[in-house]
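Below: one structure, written as structure tokens.
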Protein chains: 2
Amino acid sequence: MAFNQEIKQLFAKGHESYLRNISIDCIIFGFNAGELKILLLKAKFARGWALPGGLIGREEDIDSAAHRTLEERTGLVDIYMQQFKVFGQADRATQVVNKKLWEEAGIKNDKGWLFERFITVGYYALVDFNKATPSFDGFSTEAEWFNVYELPEMIMDHASLVADALEFLRLQLNYRPVGYSLLPEKFTMPELQKLYETILGRTLDRRNFQRKILGVGILKRLKDRKVGVTPKAPYYYRFDMKKYQQALSNGMGFQL
Amino acid sequence: MAFNQEIKQLFAKGHESYLRNISIDCIIFGFNAGELKILLLKAKFARGWALPGGLIGREEDIDSAAHRTLEERTGLVDIYMQQFKVFGQADRATQVVNKKLWEEAGIKNDKGWLFERFITVGYYALVDFNKATPSFDGFSTEAEWFNVYELPEMIMDHASLVADALEFLRLQLNYRPVGYSLLPEKFTMPELQKLYETILGRTLDRRNFQRKILGVGILKRLKDRKVGVTPKAPYYYRFDMKKYQQALSNGMGFQL
């Protein structure tokens, strides 16, 4: 395991360029072939998979840091990212993990700024699986989509960050529309239901789902149907983007 | 303006006890006499009013730090506080404000950790105005409730933190119940409507409001009426706490 100059520099002097004690982590959801996936990186030095994450430049907005990190680690740009939670437990294992890491690399000094505790701000995003072309930087060796229900071993507390992001996403289903950027431009009612079921991790009643989701008024039924899949070819729908955006801004269901 | 030992110590060695570059700020809403109020402190050294805010101990959960800060600065305990936004703009004026502060106190060294940029995590809470007995610590000289629509001059970007908290609270009205802890145990429909109107900053149609809020199913109508206020004495209501809690957990209106 070789530590290159970039990483040694970060260890020794990174605190001159980056804020201390605070970082960001990105939970990037995609939907493909009936599976809810998240994007993970194989960390170069730590053992196991990691969320795309990074530090905040001393003169950089935290939101910009999240976008820069995501682009550096995955090649993804122009993604709408939303802060969903600050992970600030005292026992977050950052120090322990970092210490182990540097010890393995033969670095003895454990007073460095990267050994200190980091509070991390979780950002989540829903992206079009087909448009994402994962790439990665010097801190990771692989980028891969994983089924959120079949995750590999992850570093630190990243598994619990994913669990919290999924819980947040599930709650959001109750008051915000999802689907745009997770589904193709036109989709059938069964496909939309499958998306909701996959996020919720349970099956839904078909008629009840259709009634409720149509009641939100964000869907437009198209003239054509998807043929050859089921005996009764289902209609295609697309989102009415004006109403979709209104529902995003104002929430769904309860408007005073 | 005298700097006591406690504050000199914080300036010189606080980074040994607290995390750097990250702080918390509390937006505490109360409702009284038809006004939505927030609790502010008169900062001892900066000019102007400030949100109750503080630092995070190196071995302290961030949520605990928020509660400790609130208690230290206001005497309020056992308050449900919720993170609502991380304020991480690069140009947050912390450094500038701190620098001015210490210069006025005759401290020349501007390399101290408190001159660095701070990202702050905003917490908000809705409290029973009548139960709050504001007190304060060595960093402030007064604690006072202000009408959120008639705020005094505030330090740094605190006015915009309040504006964002209010916007967050307004959005929450669309999918979460409010009222418990802001209203007395029993209240009339006009009183509940007034709370919503005050938060939203606009009037609502009486019949529409009543129909929608009753539709959520979290209210229980009592047998007694409030007499002597209006010709038609309005019924009292109270929250059905079981259903209120369910609505808090699951959101309102759209349940799959």
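The values are calculated or read from the model by the stated rules, or taken from the named source; none is laboratory data. The shown structure was predicted, so the numbers you read here are calculated from the model rather than taken from an experiment. When we count neighbours, we look across all protein chains shown, and the Cβ atoms used for this are built from the backbone with ideal geometry, even at glycine.
Looking at B:Glu150, B:Glu185, just one residue is outside the structural domain of B:Gln83 (by TED's automatic domain parsing) and part of a loop (DSSP other than H, G, I, E, B), and that residue is B:Glu185. Among the residues of the stretch A:89-109, some residue qualifies, meaning at least one is assigned by TED's automatic domain parsing to the domain that holds A:Glu16 and at pLDDT 90 or above. Answer with yes or no whether A:Asp164 is within 13 Å of chain B (Cβ to nearest Cβ) and touching a strand residue (DSSP E or B) at 6+ places or on another chain (Cβ under 8 Å). The answer is yes for A:Asp164.
Remark: pairs (first residue in the stretch B:104-130, over 30 Å from B:Ser181 (Cα atoms) and among the acidic types (Asp, Glu); second residue surrounded by 12 or more Cβ atoms within 10 Å (Cβ to Cβ) and at pLDDT 80 or above; Cβ separation under 9 Å; 6+ apart in sequence or on different chains) = B:Glu116/A:Leu19; B:Glu116/A:Arg20; B:Glu116/A:Arg58; B:Glu116/B:Arg20; B:Glu116/B:Asn21. I'm checking my understanding of the structure. Among residues of the stretch A:188-202 that are more than 26 Å from B:Leu248 (Cβ to Cβ), part of a helix (DSSP H, G or I) and not hydrophobic (A, V, I, L, M, F, W, C), which one is nearest to the other protein chains (Cβ to nearest Cβ)? If we take residues in the stretch A:188-202 being more than 26 Å from B:Leu248 (Cβ to Cβ), part of a helix (DSSP H, G or I) and not hydrophobic (A, V, I, L, M, F, W, C), then A:Gln193 is nearest to the other protein chains (Cβ to nearest Cβ). Taking the condition in a loop (DSSP other than H, G, I, E, B) and of a type in the set (Val, Ile, Thr), does B:Ile79 pass? Considered against the rule, which asks whether it is in a loop (DSSP other than H, G, I, E, B) and of a type in the set (Val, Ile, Thr), B:Ile79 comes out as yes.
Scanning the stretch A:209-256 for residues that are loosely packed, with under 14 Cβ neighbours inside 10 Å, more than 11 Å from chain B (Cβ to nearest Cβ) and polar (S, T, N, Q) returns a single hit, A:Thr230. Which residues, counting only those in the stretch B:113-157, are within 14 Å of chain A (Cβ to nearest Cβ) and either over 19 Å from B:Gln82 (Cα atoms) or not β-branched (Val, Ile, Thr) (or both)? Scanning the stretch B:113-157 gives B:Trp113, B:Leu114, B:Phe115, B:Glu116, B:Arg117, B:Phe118, B:Gly122, B:Tyr123, B:Tyr124, B:Asp157.
For every residue, the table says whether it meets (1) within 14 Å of another protein chain (Cβ to nearest Cβ); (2) closer than 16 Å to A:Gly57 by Cα; (3) surrounded by 14 or more Cβ atoms within 10 Å (Cβ to Cβ).
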site: A:Glu16; (1), (2), (3): yes, yes, no
site: A:Leu19; (1), (2), (3): yes, yes, yes
site: A:Ile28; (1), (2), (3): no, no, yes
site: A:Ala33; (1), (2), (3): no, no, no
site: A:Leu36; (1), (2), (3): no, no, yes
site: A:Lys42; (1), (2), (3): no, no, yes
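A:Leu70 meets each of the listed conditions (1) in contact (Cβ under 8 Å) with a residue 40 or more places away in the chain; (2) facing chain B (nearest Cβ under 8 Å); (3) buried (at least 19 other Cβ atoms within 10 Å of the Cβ) apart from (2).
Evaluate the following for A:Arg176: is it surrounded by 14 or more Cβ atoms within 10 Å (Cβ to Cβ), touching a helix residue (DSSP H, G or I) at 6+ places or on another chain (Cβ under 9 Å), within 12 Å of chain B (Cβ to nearest Cβ) and charged (D, E, K, R)? It would help to see each step written out before you state the result.
Working: surrounded by 14 or more Cβ atoms within 10 Å (Cβ to Cβ): yes; touching a helix residue (DSSP H, G or I) at 6+ places or on another chain (Cβ under 9 Å): yes; within 12 Å of chain B (Cβ to nearest Cβ): yes; charged (D, E, K, R): yes.
It is true that A:Arg176 is surrounded by 14 or more Cβ atoms within 10 Å (Cβ to Cβ), touching a helix residue (DSSP H, G or I) at 6+ places or on another chain (Cβ under 9 Å), within 12 Å of chain B (Cβ to nearest Cβ) and charged (D, E, K, R).
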